[in-house]
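Down below is the structure, laid out as structure tokens.
The values are calculated or read from the model by the stated rules, or taken from the named source; none is laboratory data. It should be emphasised that the depicted structure is a prediction, and the values quoted were computed from it without experimental measurement. Cβ coordinates were reconstructed from backbone atoms using ideal geometry, including for glycine residues, and neighbour counts include every protein chain displayed. Ligands, DNA and RNA are stripped out before the accessible areas are found, and what is left, the full protein with its side chains, is counted by its heavy atoms. Shrake-Rupley method; radii C 1.70, N 1.55, O 1.52, S 1.80 Å.
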Amino acid sequence: MTLNPKRTVADLKELRTLTGNADGAQRVAFTPMWATARKFLREKLAAIPNLEVHTDPAGNLWATLKGKSEKALLMGGHFDSVPNGGWLDGCLNVLAGVEVLRRIAAEGTPDVTIRLVDWADEEGARFGRSLFGSSAFSGSLIPDEVRTLKDKQGVTLPDALKSQNIDLDQVLLAKSEIKNAAAYLELHIEQGPVLESKNLAMGAVLGTFGVERHAITFTGQAAHSGSTPMSHRKDALGGVSKLHLAVRDIAVKHNGVSTVGSVTTKPGIVTSVVAEAEMTLDQRHLDADVLAQMYKEAQDASHRIAAEEKISVAWRKIWQIQPFPFHPDLINLAAESIEETCGVEKAHRLPSGPLHDAAEVCRTGIPTIMLFVQSLYGISHNKIEDTKEEHLELSVQALDRLADKTILWIKQRS
């Protein structure tokens, strides 16, 4: 069997029909639709001979093709999506890996063991905690820090996990999957505008941004909206409004990014000054020191604003991750694979702003690399997310070439 990238595109379209609607993909982690997507993946894997498939204690699904050596090449991605998400984010990685597995399995026993993983809850869309499965794998997940997380319906994370036969107190046992891992490859849509702006199909990824993610609560005083003069108000929403603008300026100043993705107010009625306003803040940068400075400046700004508005402010950490540079040898191999596949003289190299499971794998010390394929319009986490089919097919070919190059690299290091 030869590699068939068109089959990957067909698989992606089949998954889109199965787990999406007019608003986009609906494969939110630990929901019935996510379970339906996992069933689809298992069916695809079942058609490949000599695969062992299992789910680890954190809910990550593993497919293993044993090789002549126990040293393992890992490929990964995630089937979960954000609500109303795109048809490619995460699942391209996995289904491209399935196609590479098909090709390798058809050629007989590989020189090294090949493992494909579908990480559980990369997005963190439901509970606000991204990279759940891969952080259990790396050991960075602290169960007590996520135990009280709830979704918008009030369902706790432990209860959602239980619905999928996952025990929060056992998830760190997933660390056992690290054994014999020699390299990790991840293909992903870029989710940004850089490659399209340069008219390039693909790029080699240098590493992932670090992230500081917090919930910030301003507390003031509820008061009648008609009888309370402006000068007498303690308006909690004023704190959020000012800080929102301040963190944008901080991001521009440091060439990073900052996002206020959610704001909630209490009592939330038209006739009352806001007593409590909570905002979420996501700050990202490739340099750890600069990210720390962005975080400090945002905190300083919040306290200054709280004093101006005669209100109080409190910060609560949701999650953080340091920047992770990828392995220089694998960056070079990725660039070679792109150059050979796409016919470019020199592959573009770029950092990743979005979070990826590759960061948690890199945390363990496993040599890690990512490939990006162009995103049309630079848009993701949206139903209009798209990539040209010809570019999708090139990305499968590039991943396949990179897999072969990395197998040889692993053998040479053994």
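Some observations on this one:
- Among the residues of region 121-144, the ones that are on the phi < 0 side of the Ramachandran plot, at pLDDT below 95 and open to solvent by 10 Å² or more (accessible area, probe 1.4 Å) come to 1 in all.
- Among the residues of region 323-355, just one is among the β-branched types (Val, Ile, Thr) and within 24 Å of Ala288 (Cβ to Cβ), namely Ile331.
- Val194 satisfies every condition listed in (1) closer than 20 Å to Ser352 by Cβ; (2) in contact with a Ser or Thr (Cβ under 8 Å, 6 or more places away or on another chain) except (2).
- Residue in region 36-48 that is within 22 Å of Thr113 (Cα to Cα) and in contact with a helix residue (DSSP H, G or I) (Cβ under 6 Å, 6 or more places away or on another chain) present: yes
- Within region 293-340, tally of residues that are over 21 Å from the mean Cα position of the chain (by Cα) and either within 30 Å of His232 (Cβ to Cβ) or among the hydrophobic types (A, V, I, L, M, F, W, C) (or both): 23
- Any hit, region 85-102, residues being farther than 24 Å from Met370 by Cβ and either open to solvent by less than 10 Å² (accessible area, probe 1.4 Å) or touching a Ser or Thr at 6+ places or on another chain (Cβ under 7 Å) (or both): no
- Check on Ala182, touching a helix residue (DSSP H, G or I) at 6+ places or on another chain (Cβ under 6 Å) and more than 26 Å from Gly85 (Cβ to Cβ): yes
- Residue that is most open to solvent (accessible area, probe 1.4 Å) [pool: residues in region 38-83 that are closer than 21 Å to Leu157 by Cα and touching a strand residue (DSSP E or B) at 6+ places or on another chain (Cβ under 7 Å)]: Thr55
- Residues that are surrounded by 19 or more Cβ atoms within 10 Å (Cβ to Cβ) and charged (D, E, K, R) within region 23-37 comprise just one, Arg27.
- Restricting the first member to region 36-60 and to residues that are touching a residue at least 40 places away in the same chain (Cβ under 8 Å) and under 21 Å from Leu15 (Cα atoms), and the second to residues that are open to solvent by less than 20 Å² (accessible area, probe 1.4 Å) and in a loop (DSSP other than H, G, I, E, B), the beta-carbon pairs closer than 7 Å and six or more apart or on different chains are Ala37/Arg27; Ala37/Phe79; Arg38/Phe79; Leu41/Phe79; Gly59/Ala120; Gly59/Ile166; Asn60/Trp119; Asn60/Ala120.
- Counting only strands (runs of 3 or more DSSP E) that fall entirely inside region 161-279 and contain at least 2 residues that are farther than 27 Å from Leu149 by Cα, modelled with pLDDT under 95 and more than 27 Å from the chain's Cα centre (by Cα), no element qualifies.
- Of the criteria (1) more than 30 Å from Ser140 (Cα to Cα); (2) outside any helix (DSSP H, G or I); (3) in contact with a Lys or Arg (Cβ under 9 Å, 6 or more places away or on another chain), which one Asp11 fails: (2)
- All positions within region 264-296 that are farther than 22 Å from His224 by Cβ, open to solvent by 50 Å² or more (accessible area, probe 1.4 Å) and in contact with a strand residue (DSSP E or B) (Cβ under 6 Å, 6 or more places away or on another chain): Glu278, Leu286, Ala288, Tyr295
- Residues of region 106-122 that are farther than 18 Å from Ile410 by Cα and among the aliphatic types (A, V, I, L, M): Ala106, Val117, Ala120.
- Scanning region 343-373 for residues that are free of Cβ contacts under 8 Å to residues at least 40 places away in the same chain and over 24 Å from Glu212 (Cβ atoms) yields Gly343, Glu345, Lys346.
- Selection within region 200-259 - at positive phi and surrounded by fewer than 17 Cβ atoms within 10 Å (Cβ to Cβ): Asn255
- Boolean, Asp89 is under 27 Å from Gln412 (Cα atoms), at pLDDT 95 or above and among the acidic types (Asp, Glu): no
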